[in-house]
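Participant: Have a look at this one.
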Amino acid sequence: MENVSIKLDGEFLNNIEKFMKKYNYMTKAEFIRQAIRDKIQQMEKEEMLKAVERLQVLQKEKQQMKNYMK
């Protein structure tokens, strides 16, 4: 595992510590790693949804073209 150093302001750090206690995270590193994993999953999901939307648009355009050609 590689180390990454970040600086956080006091209020943000207090928020992290509050949620760490609430959700039983033992270390800040564990909490931050999970937050990053969650964010990556969210972004991947958003990318997939956009791809599905593009496919739906293409499918609709294809159907319109078929109807036009009749």
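The values are calculated or read from the model by the stated rules, or taken from the named source; none is laboratory data. This structure is a prediction, so every number in the text was calculated from the model and none was measured. All Cβ positions, even for glycine, are placed from backbone atoms using ideal geometry, and neighbour counts span all protein chains on display. Each accessible area value is taken on the protein alone, full model and side chains, heavy atoms only, with ligands, DNA and RNA left out. Shrake-Rupley method; radii C 1.70, N 1.55, O 1.52, S 1.80 Å.
Participant: So what is the calculated 222 nm ellipticity per residue for the chain, using -39500 (n - 2.57) for each DSSP H run with n of 4 or more, over all residues, to the nearest 500 deg cm²/dmol?
Facilitator: Calculated mean residue ellipticity at 222 nm is -28000 deg cm²/dmol.
Participant: How much length is gained if the chain between Glu61 and Met1 is pulled fully straight, taking 0.36 nm per residue apart and subtracting their Cα-Cα distance, in nm to one decimal?
Facilitator: 16.8 nm
Participant: Now, a different point. Can you pull the accessible area of Met69 for me, 1.4 Å probe, Å² to the nearest 10?
Facilitator: 140
Participant: Right, here's the next one. Any chance you could give the angle, 0 to 90 degrees and rounded to 10, that helix 28-69 forms with the longest Cα principal axis of the chain?
Facilitator: 10
Participant: Please give me, ordered by residue number, the GluC sites (Glu not before Pro) of the chain that lie in loop per DSSP and have at most 12 other Cβ atoms within 10 Å. Don't jump to the answer; show the numbers that get you there.
Facilitator: On the way: sites: Glu2, Glu11, Glu17, Glu30, Glu44, Glu46, Glu47, Glu53, Glu61; in loops: Glu2.
Filter output for the chain: Glu2.
Participant: What's the lysine pair count for the chain at a Cα cut-off below 20 Å, pairs eight or more apart or interchain?
Facilitator: 12
Participant: Given a 1.4 Å probe and the protein chains all in place, what does the accessible area of Val52 round to, in Å² to the nearest 10?
Facilitator: Rounded to the nearest 10, the figure is 70 Å².
Participant: Can you pull out the chymotrypsin sites (Phe, Trp or Tyr not before Pro) in the range 15-55 whose DSSP state is coil and whose Cβ has at most 16 other Cβ atoms within 10 Å?
Facilitator: On the way: sites: Phe19, Tyr23, Tyr25, Phe31; in loops: Tyr23, Tyr25.
For chymotrypsin sites (Phe, Trp or Tyr not before Pro) across the range 15-55 that sit outside H, G, I, E and B with at most 16 neighbouring Cβ atoms in 10 Å, the list reads Tyr23.
Participant: Between helix 10-22 and the chain, what is the angle of the helix's C-alpha long axis to the longest principal axis, kept within 0 to 90° and rounded to the nearest 10?
Facilitator: Between helix and principal axis, roughly 90 degrees.
Participant: Given a 1.4 Å probe and every protein chain left where it sits, what share in percent of the accessible area of the chain is carbon and sulfur?
Facilitator: Reported share for carbon and sulfur atoms: 56 percent.
Participant: With every protein chain present, what is the per residue accessible area of the chain (1.4 Å probe, Å²)? Before the final figure, lay out the partial values.
Facilitator: Details: 7140 Å² over 70 residues.
On a per-residue basis, 102 Å².
Participant: Could you give the size of the charge dipole of the chain about its Cα centre, using +1 on the Cβ of each K and R and -1 on the Cβ of each D and E, expressed in debye and rounded to the nearest 20? Provide the component values of the computation, followed by the final result.
Facilitator: On the way: 15 positive and 11 negative charges, 91 e Å.
That gives a dipole near 440 debye.
Participant: Using every alpha carbon pair in the chain, what percent of pairs falls into each 10 Å bin from 0 up to the bin containing the largest distance?
Facilitator: That works out to 16, 28, 19, 14, 12, 9, 3, in percent per bin.
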